[in-house]
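Below is one structure, written out as C-alpha coordinates; the observations come after it.
The values are calculated or read from the model by the stated rules, or taken from the named source; none is laboratory data. As the structure is a computational prediction, the values presented were derived from the model and not from experiment. FYI the Cβ positions are ideal-geometry reconstructions off the backbone, even for glycines, and counts take in every protein chain you see. Areas reflect the complete protein model, heavy atoms only, side chains present, ligands, DNA and RNA absent. Shrake-Rupley method; radii C 1.70, N 1.55, O 1.52, S 1.80 Å.
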Amino acid sequence: MKKILTVLSAVIFGTAVASAQVLSSQQMKNTAWIGFGAPIDGSATFYGFTDTFQARFDRGNFTIEGMLNWSFLANYDNEGDVDNFVFGTSNGNPLSLKYGTRGSSSYHAGDNTLSKDAYAVATATGTILNNQANVSNTIQDSYYVNFIWHPKKNFDIGVGTKLNWQVGPAPRYGNWLWESDAHVRQGGFSTSYDDRSGSAFQTSSEATGSYKFNVDKPGSADVVGFIPYANKYAKRALGVRYNYNSKDLKFQVGAAIPNGFNTDDPAINLGIQVAPVKWLSIAATLEGAFEEKANFYSGATIGAENFVLDLYIAADSLFSDADDDEAYGAGAAINFIIPNTKINLRPEIGLNFFENSHYDFAWYTGAALSFAINNKTGFNLWGSWAQGSKDDRWADYKVSKNWNGGHVLNLRPELTYDFSKNTTFAVYADFEQRTAFDGENRKCWSSGVFMTYIF
(Lines give C-alpha, C1' and ligand atoms only; values in the text may rest on other atoms or scores of the structure.)
Protein backbone atom coordinates (compact mmCIF):
# COMPACT_ATOMS: atom_id res chain seq x y z
CA MET A 1 0.00 0.00 0.00
CA LYS A 2 2.80 2.39 0.86
CA LYS A 3 4.39 1.90 -2.57
CA ILE A 4 1.08 2.45 -4.39
CA LEU A 5 0.32 5.63 -2.46
CA THR A 6 3.81 6.94 -3.08
CA VAL A 7 3.48 6.36 -6.82
CA LEU A 8 0.03 7.93 -6.98
CA SER A 9 1.16 10.97 -5.02
CA ALA A 10 4.12 11.39 -7.33
CA VAL A 11 1.84 11.30 -10.37
CA ILE A 12 -0.46 13.94 -8.92
CA PHE A 13 2.26 16.25 -7.67
CA GLY A 14 4.30 16.06 -10.83
CA THR A 15 7.46 14.72 -9.21
CA ALA A 16 7.46 11.23 -10.67
CA VAL A 17 10.57 9.94 -12.38
CA ALA A 18 8.64 9.81 -15.63
CA SER A 19 7.95 13.51 -15.39
CA ALA A 20 11.56 14.40 -14.77
CA GLN A 21 12.81 11.73 -17.18
CA VAL A 22 16.09 11.43 -15.29
CA LEU A 23 16.38 9.09 -12.30
CA SER A 24 16.25 10.75 -8.88
CA SER A 25 18.56 8.24 -7.18
CA GLN A 26 21.09 5.56 -8.03
CA GLN A 27 19.41 2.62 -9.71
CA MET A 28 18.92 0.70 -12.94
CA LYS A 29 15.46 0.63 -14.48
CA ASN A 30 13.96 -1.04 -17.54
CA THR A 31 10.56 -0.24 -19.04
CA ALA A 32 9.04 -2.34 -21.84
CA TRP A 33 6.03 -1.12 -23.82
CA ILE A 34 3.73 -2.77 -26.34
CA GLY A 35 0.79 -0.91 -27.91
CA PHE A 36 -1.88 -0.73 -30.56
CA GLY A 37 -4.64 1.63 -31.67
CA ALA A 38 -6.28 3.43 -34.57
CA PRO A 39 -5.31 6.91 -35.73
CA ILE A 40 -8.72 7.24 -37.41
CA ASP A 41 -11.99 5.31 -37.35
CA GLY A 42 -11.20 1.80 -38.46
CA SER A 43 -9.50 -1.41 -37.50
CA ALA A 44 -6.95 -1.44 -34.73
CA THR A 45 -3.31 -1.36 -35.76
CA PHE A 46 -0.37 -2.83 -33.88
CA TYR A 47 2.09 0.00 -33.25
CA GLY A 48 5.00 -2.03 -32.06
CA PHE A 49 7.30 -2.64 -29.15
CA THR A 50 9.73 -0.36 -27.30
CA ASP A 51 12.24 -1.15 -24.59
CA THR A 52 13.81 1.59 -22.46
CA PHE A 53 16.81 1.16 -20.19
CA GLN A 54 17.86 3.82 -17.68
CA ALA A 55 20.78 3.77 -15.27
CA ARG A 56 22.30 6.13 -12.72
CA PHE A 57 25.54 5.57 -10.83
CA ASP A 58 26.87 7.73 -7.99
CA ARG A 59 30.58 7.27 -7.41
CA GLY A 60 32.32 9.56 -4.94
CA ASN A 61 31.81 13.13 -6.15
CA PHE A 62 30.44 12.08 -9.54
CA THR A 63 27.07 11.09 -11.00
CA ILE A 64 26.80 9.38 -14.38
CA GLU A 65 23.41 8.64 -15.84
CA GLY A 66 21.91 7.67 -19.17
CA MET A 67 18.93 6.30 -21.04
CA LEU A 68 18.43 4.52 -24.34
CA ASN A 69 15.34 3.14 -26.02
CA TRP A 70 15.00 0.77 -28.94
CA SER A 71 11.76 0.42 -30.84
CA PHE A 72 10.13 -1.90 -33.34
CA LEU A 73 7.39 0.39 -34.65
CA ALA A 74 4.84 0.37 -37.44
CA ASN A 75 5.49 2.60 -40.43
CA TYR A 76 2.72 4.05 -42.65
CA ASP A 77 3.00 4.66 -46.38
CA ASN A 78 1.43 7.51 -48.37
CA GLU A 79 -2.00 5.87 -48.34
CA GLY A 80 -1.95 5.54 -44.57
CA ASP A 81 -1.64 1.75 -44.62
CA VAL A 82 0.96 -0.21 -42.69
CA ASP A 83 3.97 -0.61 -44.94
CA ASN A 84 6.53 -2.25 -42.69
CA PHE A 85 8.01 -2.17 -39.23
CA VAL A 86 11.10 -0.11 -38.47
CA PHE A 87 13.68 -1.02 -35.84
CA GLY A 88 15.53 1.81 -34.11
CA THR A 89 15.00 4.76 -31.79
CA SER A 90 11.78 6.71 -32.21
CA ASN A 91 9.77 9.63 -30.88
CA GLY A 92 6.69 8.78 -32.96
CA ASN A 93 3.16 8.37 -31.67
CA PRO A 94 -0.16 7.19 -33.15
CA LEU A 95 -1.12 10.61 -34.51
CA SER A 96 2.28 11.15 -36.06
CA LEU A 97 2.22 7.71 -37.65
CA LYS A 98 -0.95 8.65 -39.51
CA TYR A 99 -0.83 12.43 -39.95
CA GLY A 100 2.76 13.43 -39.49
CA THR A 101 5.41 14.36 -42.02
CA ARG A 102 8.61 12.37 -41.82
CA GLY A 103 11.94 12.71 -43.57
CA SER A 104 13.86 15.77 -44.68
CA SER A 105 12.42 16.02 -48.19
CA SER A 106 9.36 13.79 -48.44
CA TYR A 107 5.86 14.39 -47.08
CA HIS A 108 3.56 11.56 -46.18
CA ALA A 109 -0.06 11.20 -45.15
CA GLY A 110 -1.66 14.23 -43.52
CA ASP A 111 -0.23 17.08 -45.54
CA ASN A 112 -1.98 20.45 -45.55
CA THR A 113 -5.46 19.94 -47.02
CA LEU A 114 -6.73 23.52 -46.99
CA SER A 115 -8.43 24.83 -50.13
CA LYS A 116 -6.54 27.06 -52.56
CA ASP A 117 -8.79 29.97 -51.57
CA ALA A 118 -7.52 29.66 -48.05
CA TYR A 119 -4.07 30.75 -49.13
CA ALA A 120 -5.44 34.19 -49.94
CA VAL A 121 -6.25 34.40 -46.25
CA ALA A 122 -2.72 33.24 -45.44
CA THR A 123 -1.22 36.00 -47.57
CA ALA A 124 -3.43 38.69 -46.06
CA THR A 125 -2.77 37.65 -42.47
CA GLY A 126 0.90 36.82 -42.90
CA THR A 127 0.44 33.24 -41.72
CA ILE A 128 1.57 29.95 -43.20
CA LEU A 129 -1.60 27.96 -42.65
CA ASN A 130 -1.33 24.35 -41.60
CA ASN A 131 -4.21 22.18 -40.44
CA GLN A 132 -2.09 19.08 -40.14
CA ALA A 133 -2.24 17.49 -36.70
CA ASN A 134 0.57 19.03 -34.70
CA VAL A 135 1.87 15.73 -33.46
CA SER A 136 5.17 16.89 -31.98
CA ASN A 137 4.15 19.30 -29.26
CA THR A 138 7.48 18.73 -27.62
CA ILE A 139 10.21 16.82 -29.39
CA GLN A 140 12.25 14.79 -26.97
CA ASP A 141 15.30 12.64 -27.30
CA SER A 142 15.22 8.87 -27.40
CA TYR A 143 18.39 8.87 -25.30
CA TYR A 144 20.16 11.00 -22.72
CA VAL A 145 23.61 11.06 -21.14
CA ASN A 146 24.55 13.28 -18.17
CA PHE A 147 27.79 13.77 -16.24
CA ILE A 148 27.58 15.68 -12.94
CA TRP A 149 30.44 16.63 -10.60
CA HIS A 150 29.78 17.51 -6.94
CA PRO A 151 33.00 19.32 -5.90
CA LYS A 152 31.45 20.63 -2.68
CA LYS A 153 28.39 19.83 -0.62
CA ASN A 154 25.22 21.23 -2.30
CA PHE A 155 27.24 22.35 -5.34
CA ASP A 156 26.86 20.72 -8.80
CA ILE A 157 28.55 21.15 -12.16
CA GLY A 158 26.86 19.17 -14.92
CA VAL A 159 27.00 18.64 -18.65
CA GLY A 160 24.50 16.51 -20.48
CA THR A 161 21.76 16.08 -23.01
CA LYS A 162 18.94 15.99 -20.43
CA LEU A 163 19.97 17.58 -17.13
CA ASN A 164 16.39 18.70 -16.43
CA TRP A 165 17.35 21.07 -13.62
CA GLN A 166 14.18 22.94 -12.80
CA VAL A 167 12.63 25.28 -10.28
CA GLY A 168 8.98 25.93 -9.48
CA PRO A 169 5.76 24.28 -10.64
CA ALA A 170 4.49 24.12 -14.21
CA PRO A 171 2.01 22.02 -16.16
CA ARG A 172 3.42 18.62 -16.99
CA TYR A 173 3.91 18.12 -20.70
CA GLY A 174 6.15 16.24 -23.06
CA ASN A 175 6.95 13.32 -20.77
CA TRP A 176 9.15 10.88 -22.60
CA LEU A 177 7.00 9.19 -25.20
CA TRP A 178 6.78 5.64 -23.90
CA GLU A 179 6.48 6.37 -20.18
CA SER A 180 3.15 5.26 -18.79
CA ASP A 181 1.89 8.86 -18.30
CA ALA A 182 3.28 10.15 -21.62
CA HIS A 183 0.56 12.47 -22.82
CA VAL A 184 0.31 16.22 -23.11
CA ARG A 185 -0.91 17.72 -19.86
CA GLN A 186 -1.62 21.11 -21.35
CA GLY A 187 -4.19 19.92 -23.83
CA GLY A 188 -1.94 19.44 -26.82
CA PHE A 189 -1.53 23.08 -27.87
CA SER A 190 0.95 23.58 -30.66
CA THR A 191 4.33 25.14 -30.18
CA SER A 192 7.58 25.27 -32.06
CA TYR A 193 9.36 24.71 -28.74
CA ASP A 194 11.87 21.90 -28.86
CA ASP A 195 12.70 20.50 -25.43
CA ARG A 196 16.04 19.19 -26.70
CA SER A 197 17.36 22.48 -27.94
CA GLY A 198 19.65 25.19 -26.72
CA SER A 199 19.49 27.17 -29.94
CA ALA A 200 18.79 26.88 -33.64
CA PHE A 201 22.50 26.68 -34.41
CA GLN A 202 24.12 23.48 -35.61
CA THR A 203 26.61 21.98 -33.21
CA SER A 204 28.91 19.16 -34.22
CA SER A 205 26.91 17.00 -36.65
CA GLU A 206 23.60 17.66 -34.91
CA ALA A 207 20.96 20.16 -35.97
CA THR A 208 19.35 21.15 -32.68
CA GLY A 209 16.07 22.16 -34.29
CA SER A 210 13.63 24.94 -33.52
CA TYR A 211 14.55 27.24 -30.67
CA LYS A 212 12.18 28.12 -27.88
CA PHE A 213 11.99 31.80 -28.81
CA ASN A 214 9.53 31.25 -31.68
CA VAL A 215 5.94 32.10 -30.85
CA ASP A 216 3.23 30.32 -32.82
CA LYS A 217 0.33 32.22 -34.33
CA PRO A 218 -3.22 31.09 -35.15
CA GLY A 219 -3.15 29.03 -38.32
CA SER A 220 0.48 27.99 -38.04
CA ALA A 221 -0.72 24.60 -36.73
CA ASP A 222 -4.06 22.96 -36.13
CA VAL A 223 -4.50 24.30 -32.58
CA VAL A 224 -2.32 27.12 -31.25
CA GLY A 225 -1.88 28.61 -27.80
CA PHE A 226 0.62 26.65 -25.70
CA ILE A 227 3.29 28.69 -23.89
CA PRO A 228 6.39 26.62 -23.01
CA TYR A 229 6.91 27.43 -19.33
CA ALA A 230 10.65 27.93 -18.92
CA ASN A 231 11.11 26.52 -15.43
CA LYS A 232 13.76 24.04 -16.63
CA TYR A 233 16.80 26.28 -16.79
CA ALA A 234 19.27 23.48 -17.64
CA LYS A 235 18.25 20.85 -20.18
CA ARG A 236 20.74 20.06 -22.96
CA ALA A 237 23.41 22.27 -21.50
CA LEU A 238 26.45 22.90 -19.35
CA GLY A 239 25.08 23.92 -15.97
CA VAL A 240 26.21 25.05 -12.52
CA ARG A 241 23.98 25.20 -9.45
CA TYR A 242 23.96 25.56 -5.67
CA ASN A 243 21.19 23.48 -4.10
CA TYR A 244 20.72 23.79 -0.33
CA ASN A 245 18.09 21.64 1.34
CA SER A 246 17.43 21.55 5.08
CA LYS A 247 14.42 21.17 7.35
CA ASP A 248 14.00 24.94 7.70
CA LEU A 249 15.19 26.31 4.36
CA LYS A 250 15.42 25.21 0.73
CA PHE A 251 17.38 27.30 -1.73
CA GLN A 252 18.52 26.73 -5.30
CA VAL A 253 20.30 29.05 -7.70
CA GLY A 254 21.79 28.02 -11.02
CA ALA A 255 22.91 29.00 -14.49
CA ALA A 256 23.38 27.11 -17.74
CA ILE A 257 24.95 27.60 -21.14
CA PRO A 258 22.49 25.93 -23.53
CA ASN A 259 23.45 23.68 -26.40
CA GLY A 260 24.38 25.76 -29.43
CA PHE A 261 25.84 28.64 -27.42
CA ASN A 262 27.26 31.31 -29.73
CA THR A 263 29.82 33.82 -28.45
CA ASP A 264 28.70 36.40 -31.01
CA ASP A 265 25.10 36.19 -29.79
CA PRO A 266 25.21 34.53 -26.35
CA ALA A 267 22.26 33.08 -24.52
CA ILE A 268 22.48 32.03 -20.86
CA ASN A 269 19.73 30.53 -18.72
CA LEU A 270 19.27 31.50 -15.07
CA GLY A 271 17.15 29.99 -12.31
CA ILE A 272 16.44 30.62 -8.63
CA GLN A 273 14.12 29.07 -6.04
CA VAL A 274 13.70 29.72 -2.34
CA ALA A 275 11.46 28.08 0.25
CA PRO A 276 11.82 30.11 3.47
CA VAL A 277 9.12 28.10 5.25
CA LYS A 278 7.57 24.67 4.71
CA TRP A 279 4.38 26.02 3.18
CA LEU A 280 5.85 28.47 0.64
CA SER A 281 8.24 28.16 -2.30
CA ILE A 282 8.96 30.93 -4.85
CA ALA A 283 10.87 30.49 -8.12
CA ALA A 284 11.89 32.38 -11.26
CA THR A 285 13.89 31.63 -14.41
CA LEU A 286 15.12 33.53 -17.45
CA GLU A 287 15.87 31.58 -20.62
CA GLY A 288 18.18 33.34 -23.02
CA ALA A 289 19.55 36.14 -20.86
CA PHE A 290 21.24 38.77 -23.09
CA GLU A 291 18.85 37.78 -25.89
CA GLU A 292 16.05 40.19 -26.83
CA LYS A 293 13.67 37.24 -27.24
CA ALA A 294 14.28 35.83 -23.77
CA ASN A 295 11.63 33.75 -22.00
CA PHE A 296 10.64 34.52 -18.40
CA TYR A 297 8.95 32.26 -15.84
CA SER A 298 7.89 32.73 -12.23
CA GLY A 299 6.00 30.35 -10.01
CA ALA A 300 4.97 29.70 -6.44
CA THR A 301 3.84 26.70 -4.41
CA ILE A 302 1.69 27.39 -1.35
CA GLY A 303 0.58 24.78 1.16
CA ALA A 304 1.81 21.37 2.31
CA GLU A 305 0.86 17.72 2.60
CA ASN A 306 -2.86 17.34 1.83
CA PHE A 307 -3.41 20.68 0.07
CA VAL A 308 -1.01 22.44 -2.30
CA LEU A 309 -1.68 25.38 -4.63
CA ASP A 310 0.59 25.91 -7.64
CA LEU A 311 0.68 29.28 -9.45
CA TYR A 312 2.77 30.32 -12.44
CA ILE A 313 3.11 33.01 -15.10
CA ALA A 314 5.33 33.00 -18.18
CA ALA A 315 6.26 35.24 -21.10
CA ASP A 316 7.96 34.42 -24.42
CA SER A 317 10.06 36.79 -26.56
CA LEU A 318 9.94 39.21 -23.67
CA PHE A 319 12.35 41.94 -24.76
CA SER A 320 11.86 41.85 -28.51
CA ASP A 321 11.47 45.15 -30.39
CA ALA A 322 8.86 43.65 -32.70
CA ASP A 323 5.25 44.70 -32.12
CA ASP A 324 3.53 41.34 -32.30
CA ASP A 325 5.81 38.45 -31.38
CA GLU A 326 5.29 38.19 -27.63
CA ALA A 327 3.08 35.66 -25.87
CA TYR A 328 2.05 35.33 -22.23
CA GLY A 329 0.69 32.53 -20.10
CA ALA A 330 -0.69 32.05 -16.60
CA GLY A 331 -1.99 29.03 -14.80
CA ALA A 332 -2.93 27.45 -11.51
CA ALA A 333 -3.41 23.97 -10.10
CA ILE A 334 -4.63 22.57 -6.80
CA ASN A 335 -3.31 19.27 -5.46
CA PHE A 336 -5.32 17.80 -2.61
CA ILE A 337 -6.41 14.58 -0.97
CA ILE A 338 -10.17 14.34 -0.56
CA PRO A 339 -10.91 14.25 3.21
CA ASN A 340 -11.47 10.81 4.72
CA THR A 341 -10.33 9.11 1.50
CA LYS A 342 -7.10 8.12 -0.24
CA ILE A 343 -8.14 9.89 -3.44
CA ASN A 344 -5.72 12.44 -4.89
CA LEU A 345 -7.16 15.09 -7.19
CA ARG A 346 -5.42 17.79 -9.23
CA PRO A 347 -7.58 20.21 -11.26
CA GLU A 348 -5.71 22.85 -13.26
CA ILE A 349 -6.35 25.69 -15.67
CA GLY A 350 -4.20 27.80 -17.95
CA LEU A 351 -4.67 30.95 -20.06
CA ASN A 352 -2.48 32.16 -22.93
CA PHE A 353 -2.46 35.62 -24.52
CA PHE A 354 -0.72 37.19 -27.51
CA GLU A 355 0.71 40.65 -27.99
CA ASN A 356 -0.81 40.83 -31.47
CA SER A 357 -4.26 42.39 -31.04
CA HIS A 358 -5.71 40.25 -33.86
CA TYR A 359 -5.22 37.05 -31.85
CA ASP A 360 -7.65 36.15 -29.10
CA PHE A 361 -6.65 34.17 -26.02
CA ALA A 362 -6.36 30.40 -25.75
CA TRP A 363 -7.08 28.30 -22.69
CA TYR A 364 -7.09 24.81 -21.32
CA THR A 365 -8.47 22.99 -18.30
CA GLY A 366 -7.93 19.50 -17.02
CA ALA A 367 -7.85 17.26 -13.99
CA ALA A 368 -5.93 14.22 -12.76
CA LEU A 369 -7.43 11.66 -10.40
CA SER A 370 -5.56 8.87 -8.60
CA PHE A 371 -6.39 6.41 -5.87
CA ALA A 372 -5.34 3.01 -4.52
CA ILE A 373 -7.82 0.20 -5.17
CA ASN A 374 -5.94 -2.15 -2.85
CA ASN A 375 -2.38 -2.64 -1.61
CA LYS A 376 -1.17 -3.66 -5.09
CA THR A 377 -3.48 -1.93 -7.57
CA GLY A 378 -3.94 1.75 -8.34
CA PHE A 379 -6.04 3.79 -10.76
CA ASN A 380 -5.11 7.03 -12.56
CA LEU A 381 -7.28 9.17 -14.83
CA TRP A 382 -6.38 12.30 -16.76
CA GLY A 383 -8.70 14.43 -18.89
CA SER A 384 -8.24 17.83 -20.56
CA TRP A 385 -9.91 20.28 -22.91
CA ALA A 386 -7.96 22.96 -24.77
CA GLN A 387 -9.32 25.76 -26.95
CA GLY A 388 -6.89 27.39 -29.39
CA SER A 389 -6.44 31.00 -30.43
CA LYS A 390 -8.28 32.62 -33.34
CA ASP A 391 -7.17 35.37 -35.75
CA ASP A 392 -10.08 37.85 -35.99
CA ARG A 393 -9.11 38.72 -39.58
CA TRP A 394 -10.36 35.32 -40.69
CA ALA A 395 -13.90 36.68 -40.42
CA ASP A 396 -13.17 39.10 -43.29
CA TYR A 397 -13.05 36.28 -45.87
CA LYS A 398 -15.78 33.95 -47.02
CA VAL A 399 -13.59 30.88 -46.99
CA SER A 400 -12.49 31.43 -43.41
CA LYS A 401 -15.36 33.27 -41.75
CA ASN A 402 -16.35 30.17 -39.74
CA TRP A 403 -12.84 29.31 -38.62
CA ASN A 404 -12.05 29.32 -34.91
CA GLY A 405 -9.04 28.41 -32.84
CA GLY A 406 -9.68 24.67 -32.91
CA HIS A 407 -9.73 22.43 -29.87
CA VAL A 408 -8.20 19.31 -28.35
CA LEU A 409 -9.93 16.75 -26.12
CA ASN A 410 -7.81 14.18 -24.31
CA LEU A 411 -8.79 11.36 -21.94
CA ARG A 412 -6.48 8.73 -20.47
CA PRO A 413 -7.39 6.13 -17.80
CA GLU A 414 -4.73 3.78 -16.45
CA LEU A 415 -4.44 0.84 -14.06
CA THR A 416 -1.17 0.05 -12.26
CA TYR A 417 -0.31 -3.24 -10.57
CA ASP A 418 2.66 -3.95 -8.30
CA PHE A 419 3.54 -7.53 -9.22
CA SER A 420 6.50 -7.51 -6.85
CA LYS A 421 8.74 -5.02 -5.07
CA ASN A 422 10.73 -4.71 -8.31
CA THR A 423 8.11 -5.12 -11.03
CA THR A 424 5.13 -2.92 -11.89
CA PHE A 425 2.64 -3.26 -14.74
CA ALA A 426 0.51 -0.44 -16.18
CA VAL A 427 -2.37 -0.79 -18.64
CA TYR A 428 -3.76 2.35 -20.26
CA ALA A 429 -6.17 3.61 -22.88
CA ASP A 430 -5.81 7.01 -24.51
CA PHE A 431 -8.31 8.95 -26.62
CA GLU A 432 -7.54 12.22 -28.37
CA GLN A 433 -9.78 14.29 -30.63
CA ARG A 434 -8.33 17.30 -32.42
CA THR A 435 -10.49 19.73 -34.38
CA ALA A 436 -8.33 22.10 -36.40
CA PHE A 437 -8.98 25.83 -36.79
CA ASP A 438 -10.67 25.16 -40.17
CA GLY A 439 -13.01 22.49 -38.78
CA GLU A 440 -10.97 19.47 -39.88
CA ASN A 441 -11.55 16.74 -37.28
CA ARG A 442 -9.10 14.00 -36.36
CA LYS A 443 -9.45 11.25 -33.79
CA CYS A 444 -6.97 8.81 -32.35
CA TRP A 445 -7.19 6.10 -29.74
CA SER A 446 -4.46 3.88 -28.44
CA SER A 447 -3.89 1.34 -25.72
CA GLY A 448 -0.93 -0.51 -24.39
CA VAL A 449 0.87 -2.26 -21.54
CA PHE A 450 4.01 -1.19 -19.69
CA MET A 451 6.21 -3.40 -17.59
CA THR A 452 8.75 -1.61 -15.39
CA TYR A 453 11.50 -3.50 -13.59
CA ILE A 454 13.85 -1.83 -11.09
CA PHE A 455 17.07 -3.78 -10.61
Chain lengthening between N262 and K152 when straightened (0.36 nm per residue, less Cα-Cα): 36.7 nm
Separation between the V253 and N61 pseudo-spin-labels, each 7 Å from Cα along Cα→Cβ, expressed in nm? 2.2
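Considering only protein heavy atoms, what per residue accessible area in square angstrom results for the range 304-455 with a 1.4 angstrom probe? The partial results should precede the final answer.
Values: 7180 Å² over 152 residues.
Using a 1.4 Å probe on heavy atoms only, each residue of the range 304-455 averages 47 Å².
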Projected label distance in nm at Y143 and Y244, using a 7 Å step from Cα toward the beta-carbon: 4.0
Computed over the Cα atoms, what is the radius of gyration of the range 368-435 divided by 2.2 N^0.38 Å, N being its residue count? 1.82
Under 5 Å between amide H atoms, partner at least 5 residues away or on a different chain: which partners does Q27 have, H built in plane at 1.01 Å? R56
Say each of F290 and I334 gets a label point 7 Å from the Cα, pointing the same way as Cα to Cβ; how far apart are those two points in nm? 4.5
N356 long-range amide H proximity, modeled H, under 5 Å: E326
Over all pairs of distinct alpha carbons, what does the Kirkwood formula give as the hydrodynamic radius of the range 298-339, in Å? 12.3
Amide H contacts under 5 Å for L114, placed H, 5+ residues apart: N131
Across the range 426-443, in residue order, what do the Karplus-derived ³J(HN,Hα) couplings come to in whole Hz, using 6.51 cos²θ - 1.76 cosθ + 1.60 with θ = phi - 60° and x for Gly and Pro? 9, 10, 9, 9, 10, 10, 9, 10, 10, 10, 6, 4, 9, x, 5, 10, 9, 10
Pairs K232/K376; K152/K278; K153/K250; K232/K342; K29/K443; K376/K443: which are spaced more than 22 Å apart, C-alpha to C-alpha? K232/K376; K152/K278; K232/K342; K29/K443; K376/K443
Test of understanding: extend the Cα→C-beta vector of K116 to 7 Å, then name every residue of the range 369-403 with backbone N under 18 Å from that spot. 398-400
With R₀ set to 30 angstrom, the calculated FRET efficiency between the beta-carbons of L415 and N84, to the nearest 0.05, is 0.40
Given the peptides 368-380, 159-171, arrange them by the average over their residues of other C-beta atoms within 10 Å, most packed first. 159-171, 368-380
Students sometimes get this wrong: rank K293, K401 by accessible area, probe 1.4 Å, all chains present, largest first. K401, K293
